[in-house]
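Have a look at the structure below before the remarks.
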Amino acid sequence: MAIENFTAYNPVRLHFGEGVTGGLGKSAAKYGKKVLLVFGKGSVKKYGYYDRVVEQLKMAGLEIVEYSGIKPNPVIEDVRMATGLGQRENIEVIVALGGGSVIDSAKIIALAIASGYDGWDIIKHKVKPEKTIPLICVLTLAATGTEMNAGAVVQNHDTGEKIGFVHELNFPKESFLDPSFTVTVPKNHTTYGITDLIAHALEVYFGEGEPPVIDQITFDIIKDAMRWGPELLDNPENVELRANIMLDATLALNGLTRYGKKNGDWGVHAIGHELSLLYDMPHGASLSIVYMAWLKLHKDRISERIKKLGKNLFGADSVEGTLDAIRLFFQSINSPVTLQDEGIGEDQKEIIIRQLNKNSASGMHHALTDDDRRKIVALMYSH
Ligand code: NZQ
Ligand code: ZN
């Protein structure tokens with residue numbers, strides 16, 4: 001069957017557009033009086049988003065406790081410290097103000113506060129949380145789709161893992177997406193966001209099941225990002241262009257493109273996470289490097305699927321033509337396509353292979369063997 005059996009569920013109330021955070025206080029007040037406000041390393045203070053959010057929460061009469069300093073490629077230590085703070089302060093609702101790193105951390109913090117379990121035990125499925133704290137997101141970076149999905153990704157340097165945890169309790173209650181909150185995202189992270197959203201569309205496209213209408217929607221999301229992304233990089237303060245990319249990013253990973261599919265593949269993400277763990281590489285940067293290598297490894301195994309993609313995105317008529325066009329697009333927006341582009345030399349080859357094998361980095365539809373992983377690493381060093 002082209003369309004596989006599937007169940008769809010998404011309870012997130014999404015508020016999209018300029019000025020939507022005007023309703024933030026009222027929304028948060030529905031869930032409690034005491035808020036844990038979680039944010040990152042300082043961009044939200046520097047650019048005034050913090051002030052706007054705090055003003056809204058205060059106007060609604062809410063009491064605020066803060067946890068700041070979540071780093072990109074977030075770590076379990078921050079999750080644990082924020083959990084302790086939230087428990088001591090008896091917070092009732094969490095407001096996450098930031099990009100994927102802040103929101104993902106907040107999802108695990110919420111589960112850990114409510115359940116009393118350790119955040120890493122939750123991520124590793126050692127315990128089964130049955131409740132959470134209501135989470136409200138104010139997104140400041142278009143990329144991950146976390147604002148409207150049930151995933152959260154956190155690193156643990158003690159165990160050498162960066163892992164995604166997917167659970168229905170992770171769905172935010174509400175998310176506020178004001179594209180004007182993203183005009184200050186620096187060029188490199190704007191690029192990584194575009195790459196990330198395209199990678200999400202591709203990961204699901206290469207999963208099991210080929211529902212025709214969903215393939216078309218997937219192509220449209222990628223085409224939209226390829227159309228507006230480069231223009232946005234030339235006009236980073238253009239709110240309309242920011243809005244286009246923001247909506248693309250949400251649609252690419254809110255479950256829509258999984259209708260009629262058994263799964264996505266996610267092998268590229270699995271490998272990308274290992275690169276982020278080893279080199280603190282930004283998530284999107286890891287994906288354009290791994291995708292080129294993954295496609296080369298699979299070009300004879302899934303040639304028809306790659307050709308369909310190339311024909312619809314670029315009018316390409318061959319696998320090679322498709323791969324070239326994808327690489328040229330990534331290069332046009334300054335997303336790296338080899339490890340050398342990120343300053344990682346050949347001396348790291350064995351270290352990367354060992355890391356991939358240690359965690360058995362693989363896809364759900366296209367499983368990778370040790371030999372595949374060795375080949376992919378070699379391909380990440382060549383154009
Ligand atoms: O820390 P601050 O000072 O806030 O700066 C951040 C950070 O340095 C900055 N930034 C964010 N919004 C800004 C801004 N700077 C200026 N103006 C703004 N409006 O951008 C930098 C990157 O932020 P980060 O949150 O790390 O980026 P992103 O949203 O790309 O999130 C990446 C994380 O999400 C995970 C990734 O693995 C990575 O850990 N993912 C989560 C997914 C999910 N939950 O569904 C799926 C994805 O595939 C991904 O794995
Ligand atoms: Zn991603």
| query | With the calculation restricted to Cα positions, what are the radius of gyration and Dmax of region 272-383 in angstrom? | reply | 13.9, 40
| What's the extension gain from Lys124 to Glu18 if we count 0.36 nm per residue and subtract their Cα-Cα distance? | 34.3 nm
| task | Can you tell me the relative contact order of region 187-379? Whole percent, Cα pairs under 8 Å, sequence separation 6 or more. | result | 27 percent
| request: Report the dimensions of the chain along its three principal axes from the alpha-carbon atoms, largest first, rounded to Å. | output: 60, 43, 43
| Accessible area of region 187-379 belonging to carbon and sulfur atoms, whole % at 1.4 Å probe | 49 percent
| Given the convex hull of the Cα atoms of region 91-247, what is a quarter of its surface area in nm²? | 10.4 nm²
| Rounded to the nearest 500, what is the chain's calculated 222 nm mean residue ellipticity when only DSSP H runs of at least 4 contribute -39500 (n - 2.57) each, over all residues? | -15500 deg cm²/dmol
| field | Against the rule of thumb 2.2 N^0.38 Å, how large the Cα Rg of region 181-322 comes out | value | 1.04
| Dipole axis of region 13-182 (+1 Lys, Arg; -1 Asp, Glu on Cβ), positive-most option in Ile133, Ile76, Gly100 | Ile133
| query | Quick one: Debye curve from the C-alpha atoms of region 32-123, no solvent, what's log10 I(q)/I(0) at q = 0.15, 0.20 Å⁻¹? | reply | -0.51, -0.90
| query | Accessible area per residue of the chain at 1.4 Å probe, in Å²? | reply | 40 Å²
| query | What's the Cα-based Rg to Rh of region 84-151, Rh via Kirkwood? | reply | 0.96
| remark: Lys58 and Glu208 label points (each 7 Å along its Cα→Cβ direction) are spaced in nm at 5.4 nm
| query | Taking the Cα atoms only, what angle lies between the long axis of helix 370-380 and the longest principal axis of the chain, rounded to 10 degrees? | reply | 90 degrees
| query | How large is the charge dipole for region 187-379, taken about the Cα centre, if only the Cβ atoms of Lys, Arg (+1) and Asp, Glu (-1) carry charge, to the nearest 20 debye? | reply | 440 debye
| Proximal charge balance of Gln355 [Cβ under 13 Å; K/R count +1, D/E count -1] | +2
| task | Could you check how much of the accessible area of region 13-182 is carbon and sulfur, as a whole percent, using a 1.4 Å probe? | result | 49 percent
| query | Which FRET efficiency, nearest 0.05, do Lys223 and Lys131 yield, Cβ-Cβ r, R0 45 Å? | reply | 0.65
| Kirkwood-type radius of region 199-282, with distances r between different C-alpha atoms, in Å | 14.0 Å
| query | Lys262: net charge of surrounding residues, Cβ under 14 Å, Lys/Arg +1, Asp/Glu -1, itself excluded? | reply | -3
| request: Can you tell me the dipole magnitude for region 317-383 around its Cα centre, using point charges on the Cβ only (Lys, Arg +1; Asp, Glu -1), in Debye to the nearest 20? | output: 280 debye
| note | Env charge @ Val53, Cβ radius under 12 Å, K,R +1 / D,E -1, value -1
| What is the dipole size for the chain, taken about its Cα centre, with +1 at each Lys and Arg Cβ and -1 at each Asp and Glu Cβ, in debye to the nearest 20? | 660 debye
| request: Just name one of Asn170, Ser115, Ser360: the one whose Cα is farthest towards the positive end of the charge dipole of the chain (beta-carbon charges, Lys/Arg +1, Asp/Glu -1). | output: Ser115
| task | From the C-alpha gyration tensor of region 13-182, pull out the three semi-axes of the equivalent ellipsoid (sqrt of 5λ each), sorted largest to smallest, in whole Å. | result | 24, 17, 14
| message | In Å and on Cα atoms, what radius of gyration and Dmax does region 143-218 show? | response | 15.2, 44
| query | Taking the Cα centre of each part, how many Å lie between region 195-266 and region 80-151? | reply | 25 Å
| request: Normalising by the residue count of region 22-173, find the relative contact order in percent from Cα pairs under 8 Å and 6+ residues apart. | output: 23 percent
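The values are calculated or read from the model by the stated rules, or taken from the named source; none is laboratory data. Small disclaimer: the values here were computed from a predicted structure and weren't measured. With ideal geometry, Cβ positions are generated from the backbone for all residues, glycine too; neighbour counts draw on all protein chains shown. Areas reflect the complete protein model, heavy atoms only, side chains present, ligands, DNA and RNA absent. Shrake-Rupley method; radii C 1.70, N 1.55, O 1.52, S 1.80 Å.
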